[in-house]
Amino acid sequence: MKISTPYKSTDRFDWKGISLYQDDRVLKVGTDALLLATWVPSIIHPPEFILDVGTGSGILALLMAQAYKQSSILAIDPEESATQLARFNVGLSDHQSRIQVDQTGLLELVASTPQRFNLIISNPPFYVNHILPSTGAMQTSKHNALTPALWMKALAQLLKLNGSVCLVVPTLVSFEWIREANENELFCGHRMDVFSFPEDMASKRSLLCLSHELRKPTLEQMTMYKTEKVYTDEYAAWLGI
């Protein structure tokens, strides 16, 4: 049966058994989402309830459904174009019975639901008090209207006592996110710093796993590229490419 779609076939993204459409009004799938989606199942036991904050095209919700076959997932986004796209992509998948997509913001969800989650996953906006990116999709998906303090307070309220929050943020601002997590009694128990090239002095992205358990964190590092456009063996194997 041919599926009618408003999206062009050239805007398809396919990876690890997930196929979805993309839209110029919604941020395209990027390295951050793939890093997070690969890392989380390697450190988190199967959760019953997952929350995907800022779902965009639905990529993280779909990849979590692929990794955790018994989990129920709520994917939220405040943007109508994003929720429409995510619902469409979820509807094309084998996981539609386990994924609910709602158009709502993080603070609105806190105020409207008593539900608590075993795992909260997000590739959050991170430009706070910065010049806005040039395109509309970049503005809404990468500019954080809420401060890390408000984000962490809300995430802590939505998290079950034994749950985990997994985020990907620029290393440059990771200290601020961890500090605000600590203020809400969430602590970093696992961290992976991702470098672009072997010669880089500092990592570009940090994957953070936060929980209410205070312990010595597990620290990892990974480098993505040997040279420009040439992946390291580790990174290629990690992503299965």
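Any read-out appearing in this document is the output of simple, stated calculations on the displayed coordinates, not a laboratory observation. Only a predicted model underlies this, so the values are computations on that prediction, with no experimental measurement involved. Note that each Cβ is placed from the backbone with ideal geometry, even for glycine, and that neighbours are counted across all protein chains shown.
Tell me which residues come under 5 Å, amide H to amide H, from F117 once H is placed; ignore anything under 5 positions away on its chain.
For F117, the qualifying residues are L159, K160.
Shape of segment 12-109 from its Cα gyration tensor (a ≥ b ≥ c, root eigenvalues): rounded if a/c is under 1.5, otherwise prolate when a/b > b/c, or oblate?
rounded
Going by amide H atoms built from the backbone, whose H comes under 5 Å of the H on E220, apart from near neighbours?
Counting only residues 5 or more places away or on other chains, the set is R191, M192, D193.
In whole Hz and in residue order, list the ³J(HN,Hα) couplings for segment 115-121 that follow from phi through the Karplus curve 6.51 cos²θ - 1.76 cosθ + 1.60, θ = phi - 60°; x for Gly and Pro.
Taking θ as phi minus 60°, the curve returns 5, 10, 10, 6, 9, 10, 10 Hz for segment 115-121.
³J(HN,Hα) across segment 159-172 via Karplus (A = 6.51, B = -1.76, C = 1.60, θ = phi - 60°), whole Hz, x for Gly/Pro?
Couplings: 8, 5, 4, 9, x, 9, 10, 10, 10, 10, 9, x, 4, 4 Hz.
As a quick test, which of the pairs K69/K160; K16/K153; K28/K69; K16/K229; K16/K226; K69/K229 have an alpha carbon distance above 30 angstrom in this structure?
Working: K69/K160 20 Å; K16/K153 33 Å; K28/K69 25 Å; K16/K229 21 Å; K16/K226 23 Å; K69/K229 34 Å.
Violating the 30 Å Cα-Cα cut-off are K16/K153; K69/K229.
Could you check the simple spin-label distance between L146 and F175, using points 7 Å along Cα→Cβ, in nm with one decimal?
Distance between label points: 2.5 nm.
With the cut-off at 1.5 for a/c, could you classify segment 12-52 from its C-alpha gyration tensor as rounded, prolate or oblate? Can you show the working numbers first?
Working: a/c = 2.11, a/b = 1.93, b/c = 1.10.
Prolate, because a/c is 1.5 or more and a/b exceeds b/c.
Give me a comma-separated list of calculated 3J(HN,Hα) values for segment 228-241, in order, Karplus coefficients 6.51, -1.76, 1.60 applied at θ = phi - 60°, integers in Hz, x for any Gly or Pro.
3, 6, 10, 5, 6, 4, 4, 5, 4, 5, 4, 8, x, 10
Add -39500 (n - 2.57) for each DSSP H run of 4 or more in the chain, then divide by its residues: what number comes out at 222 nm, to the nearest 500 deg cm²/dmol?
Helix contribution divided over all residues of the chain: -9500 deg cm²/dmol.
If you take every residue apart from A65 with its C-beta less than 11 Å away from the C-beta of A65, what net charge results, scoring Lys and Arg +1 and Asp and Glu -1?
Summing Lys/Arg as +1 and Asp/Glu as -1 gives 0.
Under 11 Å from the Cβ of L106, count the other residues' Cβ atoms, weight Lys and Arg +1, Asp and Glu -1, and hand me the total.
-1
Looking at the chain from every direction and averaging, what is the projected area of its Cα convex hull in nm²?
Taking a quarter of the hull surface, the average projection is 13.5 nm².
For a quick protection proxy, order the peptides 75-84, 192-201 by their average other-Cβ count within 10 Å, most packed first.
The peptides rank, most packed first, as 75-84, 192-201.
If you count the DSSP beta bridges with both ends in the chain, what percent of them are antiparallel, to the nearest 5?
The answer is about 45 percent antiparallel.
Using amide H atoms built 1.01 Å from N in the peptide plane, name the residues 5+ places from V101, or on other chains, whose amide H lies under 5 Å from its own.
For V101, the qualifying residues are A75.
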